[in-house]
Amino acid sequence: MPSQRPFRFGVNMFVPGSRREWSAKCRRAEELGFDVVGVADHLEFSAPFPAMVLAAEKTERVRLTTFVLNTPFYNPALLARDVASTDQFVDGRMELGLGAGYVKAEYDTAGIPFPSGGQRVEQLERTVTALRGYFDDPDYQPRPAQPSGPPLLIAGWGDRLMRLAAAHADIIAFPGGWASATGEEIHVAGVARMEERISYVRGLLGDRADAVELNIMVQQVIPPAERATMPDRFDPHMPDDAADAPEDLPSVLVGTPTEMARQLEERRERYGFTYFTVMEYNMENFAPVIAALR
């Protein structure tokens, strides 16, 4: 059954800049109709929490999210303080996105051991459990503006992480593919692989399926003039079931704004995605698609 949820659209910011530059692009995202401004968490990018507070000062409507935190970098008690304080300072507009982390080079730079995938998921689970415990405690200080804390997004791909997300998340985010062992390459998911992941998650969610929002990170927004470049963009990681029709890739949009809007409607019908996030460099290209759907 297709999802009855309305669409939400997010843009993930990651280019560092001055206070003026950051403020201007957050205002621009709101003007273009985006619902959510996300802040990526990588060492060469702006720090997420102060960036969110500044974004809130310069906008009125958009929600603000960490998309997503490298959770193993954070002590749960200190993270809870940052989350609660930020939610207060942005007047309850915060959403909290968490991931297990995947780029080994960042751990090396930070001088932090790079755990196995299973260990990173275990750390993520401990953090989620700790945050829920803190925010459900009426005596916990500082209090988040939202009574049980910000809505929780968990992003990932593998079975263990999906089980965790199905048990705890308000939003489950699919990256559109999965990382290599080193985190340096992303393998793009085709139709069959995405359908398998969605079916797996829906089976885990059970009665919660209608209550949980499904997000996908749109990897590419390709106008008609650039359609011919698609194979080069994805080689050598083009899935077999997209070789003849790469525009069918679940995390790719191709064509005019009207054609892309129709693709989003089809993906809501097929997969249940209602929350779509684009990268900062696609913000302007994607804006006409938002307008076409409203």
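Against the conditions (1) open to solvent by 30 Å² or more (accessible area, probe 1.4 Å); (2) closer than 18 Å to Ala77 by Cα, Ala105 satisfies every one except (2). Against the conditions (1) outside any strand (DSSP E or B); (2) at pLDDT below 95; (3) surrounded by 13 or more Cβ atoms within 10 Å (Cβ to Cβ), His187 satisfies every one except (1).
Screening the range 22-78 for residues that are open to solvent by 20 Å² or more (accessible area, probe 1.4 Å) and polar (S, T, N, Q) and picking the one that is modelled with the highest pLDDT gives Asn75.
Is the range 8-15 home to any residue that is open to solvent by less than 10 Å² (accessible area, probe 1.4 Å) and of a type in the set (Phe, Trp, Tyr)? For the range 8-15, residues open to solvent by less than 10 Å² (accessible area, probe 1.4 Å) and of a type in the set (Phe, Trp, Tyr): present.
Candidates in the range 174-184 are the residues that are modelled with pLDDT of 65 or more and open to solvent by 30 Å² or more (accessible area, probe 1.4 Å); of these, the one that is nearest to the chain's Cα centre (by Cα) is Pro175.
Within the range 189-210, residues that are under 21 Å from Glu266 (Cα atoms) reach partners that are modelled with pLDDT of 95 or more and charged (D, E, K, R) with beta carbons closer than 6 Å, at six or more positions or on different chains, in the pairs Ala209/Arg202. Checking each residue in the range 32-68 for being free of Cβ contacts under 8 Å to residues at least 40 places away in the same chain, in a loop (DSSP other than H, G, I, E, B) and among the hydrophobic types (A, V, I, L, M, F, W, C) picks out Ala40, Phe45, Ala47, Val62.
The values are calculated or read from the model by the stated rules, or taken from the named source; none is laboratory data. Source: prediction; values computed, not measured. Quick reminder, even Gly has a Cβ in these numbers, built from the backbone with ideal geometry, and neighbours come from all protein chains shown. SASA here: full protein model, heavy atoms, side chains in, ligands and nucleic acids out. Shrake-Rupley method; radii C 1.70, N 1.55, O 1.52, S 1.80 Å.
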